[in-house]
Structures are given as structure tokens and as C-alpha cells.
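First comes the structure, then the notes that go with it.
Laboratory data are not the source of any read-out in this text; all were calculated from the coordinates shown. Just so you know, these numbers come straight off a predicted model, no measurement behind them. Quick reminder, even Gly has a Cβ in these numbers, built from the backbone with ideal geometry, and neighbours come from all protein chains shown.
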Amino acid sequence: MEEAVLYAVENNIATITLNRPKSLNSMNDALIDGLHAAITKAAADAEVRAIVLTGNGKAFCAGGDLSYLNGLEGVAAKKDFIAKVGDVAKRLTTIPKPVIAYINGVTAGAGV
């Protein structure tokens with residue numbers, strides 16, 4: 001199974017790549033958890049001076065994965081997922097390093 005998020009550092013720049021190209025990099029638990037881990041890793045790495053966030057394939061991020069969301073049981077599970085997405089968005093805006101979104105294609109919903 002492919003990693004939902006790729007992480008690489010080159011020349012003091014961390015590149016975080018959303019890696020679910022078949023679903024236009026739509027968000028599910030694996031992508032959100034991977035994105036949170038990559039942001040945390042970049043924030044803690046003293047060598048990283050900036051972060052570039054991009055998507056693999058023809059999309060940046062199409063928002064929530066509707067088939068995944070429809071499979072969640074109950075309102076509480078859906079609220080928990082939405083809270084996780086919000087936590088990652090907050091982390092991206094409060095990290096003490098510049099974050100550049102390299103929007104390389106389709107971007108919709110929470111992907112914006």
C-alpha cells in the first residue's frame with residue numbers, strides 16, 4: 001500500500017506531498033494522519049527552514065473523500081474526522097516556519 005503522504009528534505013526545504021492521486025488526493029484518515037506527522041516532523045527539524053505542501057498527480061486536494069466519509073459510522077465519527085482536519089489546518093497556520101502551498105491542480109472543499 002502506498003504512503004498517503006510523502007516527505008522529503010532537500011536544501012533546507014521540506015516537501016510534503018499528498019499522495020492519493022487516484023482519488024485526487026482527497027482526505028481520509030491515512031492522509032490526515034500522515035499530513036499531521038509530516039508537519040510535526042518538519043517543525044521539529046532545525047535544518048528545515050521552509051515547507052512546501054503539494055499534491056501528487058493532477059490535483060492538489062479535492063477535499064474530503066466522500067466514499068470514506070460515507071463509510072464512517074455515526075455522527076460522532078464524522079465529527080471526530082472533521083476535528084482532525086481542523087487540527088491539521090490549525091497546525092499549518094501556526095507552525096513557526098513558512099509554509100508554501102504549491103497548488104498544482106484541482107483544489108476543492110477542505111482542500112482549499
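When the range 5-21 is filtered for residues that are touching a residue at least 24 places away in the same chain (Cβ under 8 Å) and of a type outside the set (Val, Ile, Thr), the ones remaining, listed by number, are LEU6, TYR7, ASN12, ALA14, LEU18, ASN19, ARG20, PRO21. Taken over the range 13-35, the criterion of being crowded, with 17+ Cβ neighbours inside 10 Å and assigned to a helix (DSSP H, G or I) is satisfied by SER23, ALA30, LEU31, ILE32, GLY34, LEU35.
Out of curiosity, is ALA59 among the aliphatic types (A, V, I, L, M) and touching a Ser or Thr at 6+ places or on another chain (Cβ under 8 Å)? Yes, satisfied.
Would you tally the residues in the range 3-12 being charged (D, E, K, R) and not in a strand (DSSP E or B)?
Applying the first criterion (charged (D, E, K, R)) to the range 3-12 yields 3, 10.
Cutting the leftovers down to not in a strand (DSSP E or B) gives us 3.
Residues flagged as charged (D, E, K, R) and not in a strand (DSSP E or B) within the range 3-12 amount to 1.
Just a yes or no: is a residue in the range 43-63 hydrophobic (A, V, I, L, M, F, W, C), under 19 Å from ASN28 (Cβ atoms) and part of a helix (DSSP H, G or I)?
Quick first cut of the range 43-63, residues hydrophobic (A, V, I, L, M, F, W, C) only: 43-44, 46, 48, 50-53, 59-62.
In the following step, the residues that additionally are under 19 Å from ASN28 (Cβ atoms) were identified as 53, 59-62.
Add one more test, that the residue is part of a helix (DSSP H, G or I), and what stays is none.
The answer is no, given that none of the residues of the range 43-63 is hydrophobic (A, V, I, L, M, F, W, C), under 19 Å from ASN28 (Cβ atoms) and part of a helix (DSSP H, G or I).
None of LYS79, LYS58 is touching a residue at least 40 places away in the same chain (Cβ under 8 Å), of a type in the set (Lys, Arg) and exposed (fewer than 14 other Cβ atoms within 10 Å of the Cβ) except LYS58. Of all residues in the range 2-12, one or more are closer than 20 Å to GLY109 by Cα and not charged (D, E, K, R).
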